[in-house]
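The values are calculated or read from the model by the stated rules, or taken from the named source; none is laboratory data. Bear in mind the structure is a predicted one, so any value in this text is a computation, not a measurement. Note that each Cβ is placed from the backbone with ideal geometry, even for glycine, and that neighbours are counted across all protein chains shown. With ligands, DNA and RNA removed, areas are computed over all heavy atoms of the protein, side chains included. Shrake-Rupley method; radii C 1.70, N 1.55, O 1.52, S 1.80 Å.
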Amino acid sequence: MNDLSDIKEIKSIRIVPYTLMNSSISAVVGLIYAVILVIILGVVGVFLPSSLGITAGAIASLAVAVIILLPVGSFIFSVTQSFLTALIYNVFVPRLGGIKLDLVDLKEIIGVPVVPFALMLSAISATLVFLAMLIIGPILLIGLQGAAIASVYQGATIPGLGSIGALGIVGLLIMVIGVPIVMFIVSFIMTALAAIFYNLLAPKIGGIEFEFEALKEKLYGINSIPPIKLALIASIVMAIINLIFELISTVSSIAMGSSAAAGVISLLINVVFNFVIVFILYAIMAVLYNYLAPRIGAVKLELE
């Protein structure tokens, strides 16, 4: 290990700058997605037969809706998610310990201790899902019960709805407790794998770099992030993880009688496509961060 490396723990995240930056990037990425969708809609619209009755005006209206709703929806969703993520992180740090970074010259991340990283991120993911299920679970249960009552009044019988009342509480408990537990386990495995592969690759191809600015004692702002370094290691790590799961899926399919050649080709296409998409996405996000940081404020971390 490099003699100049130093382990720093992220003791807290400043909630407002983190939320504002994440939601702004999400809105711009949502706009990019919207533009791509509009282009696809336009191309598809050219080739649609007139017999379908889909007019150019309908396609234009749909395009305008996509251009407006996707960025706005992305912004609103990201505001909620980012605010809760930072808040939950700060609440959990005294109990679980913060994420630790092995930094060289307080700049390049050459390692991430696996357990603290996986434990914190999986705990955050499980908590977010738990909060979502507290809202979604009762709404879904009430909706199903309403459908069951309506079917009785209308003299119709919808298979399965008759037992909703009896199984409602059990189903609600599964959604509120079981789903977050599953999310915690899955998230822990995925984030642990990501940290393990990152630790293997970072010393060889270079890790993620942050240009930190010391603001006051223990508080640092992230002024910029080199896009290529972030995109390269993120896309390689995700490609390796994707390769593992695609390989398991391909072997299972072949064992069940699928074509081996088709399975291998599908595996390669999926892995390469995943690599390219992740590389482009992370590069765009880093470029956006570097552009927005001087204008709306950098993300601020308390390091110790």
### Pair list, Cβ < 6 Å and 6+ apart or interchain, from the range 98-111 residues that are among the charged types (D, E, K, R) to residues that are part of a loop (DSSP other than H, G, I, E, B) and buried (at least 20 other Cβ atoms within 10 Å of the Cβ)
E108/G207
### Query
surrounded by fewer than 18 Cβ atoms within 10 Å (Cβ to Cβ), touching a residue at least 60 places away in the same chain (Cβ under 8 Å), among the small types (G, A, S) and out of contact with any Phe, Trp or Tyr (no Cβ under 8 Å at 6 or more places or on another chain), is that true of G178?
no
### Task
Kindly indicate whether L281 is assigned to a helix (DSSP H, G or I), open to solvent by less than 40 Å² (accessible area, probe 1.4 Å), under 30 Å from S5 (Cβ atoms) and in contact (Cβ under 8 Å) with a residue 24 or more places away in the chain.
no
### Query
Restricting the search to the range 86-115, which residues are part of a helix (DSSP H, G or I), within 14 Å of I10 (Cα to Cα) and open to solvent by 30 Å² or more (accessible area, probe 1.4 Å)?
L87, N90, V91, F92, P94, R95, L96
#### Entry: Search result, residues across the range 284-304 that are under 21 Å from K100 (Cα atoms), of a type in the set (D, E, K, R) and either in a helix (DSSP H, G or I) or at pLDDT 95 or above (or both)
K300, E302
### Query
Can you tell me which residue in the range 218-259 is nearest to L20 (Cα to Cα), limited to those that are assigned to a loop (DSSP other than H, G, I, E, B) and touching a residue at least 60 places away in the same chain (Cβ under 8 Å)?
I225
### Task
Please determine, by comparing only the residues of the range 198-217 that are in a helix (DSSP H, G or I) and among the aliphatic types (A, V, I, L, M), which one is surrounded by the fewest Cβ atoms within 10 Å (Cβ to Cβ).
I205
### Tabulated pairs, the range 65-87, first among the β-branched types (V, I, T), second in a helix (DSSP H, G or I) and open to solvent by 60 Å² or more (accessible area, probe 1.4 Å), C-beta under 8 angstrom, 6+ apart or interchain
V66/L37; I67/L31; I67/V35
### Task
Tell me, yes or no, whether the range 15-32 has at least one residue that is surrounded by fewer than 16 Cβ atoms within 10 Å (Cβ to Cβ) and modelled with pLDDT of 95 or more.
yes
### Summary
In the set N270, N274, N242, N290, the lone residue that is touching an Asp or Glu at 6+ places or on another chain (Cβ under 8 Å) and surrounded by 12 or more Cβ atoms within 10 Å (Cβ to Cβ) is N270
### Task
Hey, could you check the range 245-259 for residues that are of a type in the set (A, V, I, L, M, F, W, C) and touching a helix residue (DSSP H, G or I) at 6+ places or on another chain (Cβ under 7 Å) and say which is least open to solvent (accessible area, probe 1.4 Å)?
I254
### Query
Among the numbered criteria (1) open to solvent by 70 Å² or more (accessible area, probe 1.4 Å); (2) at pLDDT 95 or above; (3) of a type outside the set (S, T, Y), which single criterion is violated by A195?
(1)
